[in-house]
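One structure is given here, and the rest of the page talks about it.
What follows draws every value from the coordinates through simple rules; no lab data is involved. Predicted, not measured: the structure shown is a model, and the values here were computed from it. When we count neighbours, we look across all protein chains shown, and the Cβ atoms used for this are built from the backbone with ideal geometry, even at glycine.
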Amino acid sequence: MVDMNVNLGGLKMASPVATASGTFGYGIEYIGAVDYSKLGAITAKGLRVEAWPGNPSPRHAEVPGGLVNAIGLQGTGVAHYLKITLPFFRSKTGKIPVIANIWGGSVEEYAEVARMLDDKVEAIEMNVSCPNVKAGGHTFGQDPKILSEVVSAVRAATKLPLFVKLAPNVPSIVPYVKACEDSGADALSLINTIPAMVIDVETRKPVLANSTGGLSGRAVHPVAVKLVYDAHRATKLPILAMGGIYSAKDAVEFFLAGASAVAVGTATFTNPEAVSNVYDGLAAYCEKHGFQSIRDLTGALES
């Protein structure tokens, strides 16, 4: 039997497979369609202090190799989540760890969301691909100095394991990895979606009401593997890898590149059983290749 337990920055997971934020709702939407016993954690969709309507429709477009979405972080807000959604999730799924993805328009709002969630969930994941309203709309995750400031503020607001989900559209991931490490992050999440656009050539208009969105799915996988590889070489922080995982092979690539755990996202839209298949395939791969623990697979890339 392969030992499938992992410790992701203080978050103990009985499985190395999680779900990616924004693709699994708040964890309750897939009850009855997914084998939750093979999940090490679920990542709830983005939460801010207040409810948020998101972007107008249309908000997603299927493209070759993936999906472009501009949902706009629609959400219920923390109070509703803690009072209604989370208790219902706990009642149906038991003790599966919850990673709460958070966001905000200011450093102060990030910290407040984290403070409200402290001790209510098992870990926090920061979505730093959001505009800093007070800084003229510059994205938190594209300036190492601002990134360090917001991570430090959230670190001071919670004792929970703290993950930072980094943006892929930067010249080098290394300065951002270092900023997270120096500011108290416990782990990294890689990658967020890649900025993208789809145009209807007949109407000569953008397909999405927001004009642009984020690309996810198979098309982003090689990009994500490379960024995980770069990040792993730059830090000792554990990495939750995501981006185009549709099979165990995709997940194995991430582990070899340096991931400690993986998150399945867009694949669950067309195949909810993808999370179970990835878990089973990882266990089979380790057994076939003589790895007694999934942890031994991390960074086992041969040159």
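Split the chain at each of the trypsin sites (Lys or Arg not before Pro) in a DSSP loop with at most 16 other beta carbon atoms within 10 Å, and the longest piece is 1-94.
To the nearest 20 Debye, how big is the dipole of region 1-117 about its Cα centre, given +1 on the beta carbon of each Lys and Arg and -1 on that of each Asp and Glu? Show your work: numbers first, answer last.
Details: 10 positive and 8 negative charges, 65 e Å.
Result for region 1-117 is approximately 320 debye, rounded to the nearest 20.
Net length available on complete extension from GLU202 to ALA51 is 50.7 nm, with 0.36 nm assigned per residue and the Cα-Cα distance removed. With distances taken between every two different alpha-carbon atoms, region 224-275 has a Kirkwood hydrodynamic radius of 11.1 Å.
Mean residue ellipticity at 222 nm from the helices of the chain, using -39,500 (n - 2.57) per DSSP H segment of n ≥ 4 over the full residue count, to the nearest 500 deg cm²/dmol?
Details: 8 runs with 86 residues, N = 303.
Per the formula, -8500 deg cm²/dmol.
Computed about its Cα centre, the charge dipole of region 146-303 is approximately 260 debye, with only Lys, Arg, Asp and Glu carrying charge at their Cβ. Each Lys and Arg adds +1 at its Cβ and each Asp and Glu adds -1 at its Cβ; summed about the Cα centre, the chain shows a dipole of about 280 debye. A straight Cα-to-Cα reach below 18 Å connects LYS95 with the aspartates and glutamates GLU29, ASP35, ASP118, ASP119, GLU122, residues fewer than 8 places away in its own chain not being considered.
Simple rule: put +1 on each Lys or Arg Cβ and -1 on each Asp or Glu Cβ in region 48-115, find the dipole, and look at THR85, GLY105, ASN55; the Cα lying farthest toward the positive end is THR85. Approximating the spin labels as points 7 Å out from Cα along Cα→Cβ, the ASP35-to-PHE88 distance works out to 2.7 nm.
If you count the DSSP beta bridges with both ends in the chain, what percent of them are antiparallel, to the nearest 5? Working shown, then result.
Values: 19 of 45 bridges.
Given both bridge residues lie in the chain, the antiparallel proportion sits at roughly 40 percent.
Taking a point 7 Å out from the Cα of VAL174 in the direction of its Cβ, the residues of region 215-246 whose backbone N falls within less than 11 Å of it are 230-231, 233-235. The share of alpha-carbon pairs in region 32-84 lying farther apart than 15 Å comes to 64%.
If I model the chain as equal point scatterers sitting on the Cα atoms and use the Debye formula, what is log10 I(q)/I(0) at q = 0.06, 0.07, 0.08, 0.11 Å⁻¹? Normalising to I(0) and taking log10 leaves -0.17, -0.24, -0.31, -0.61.
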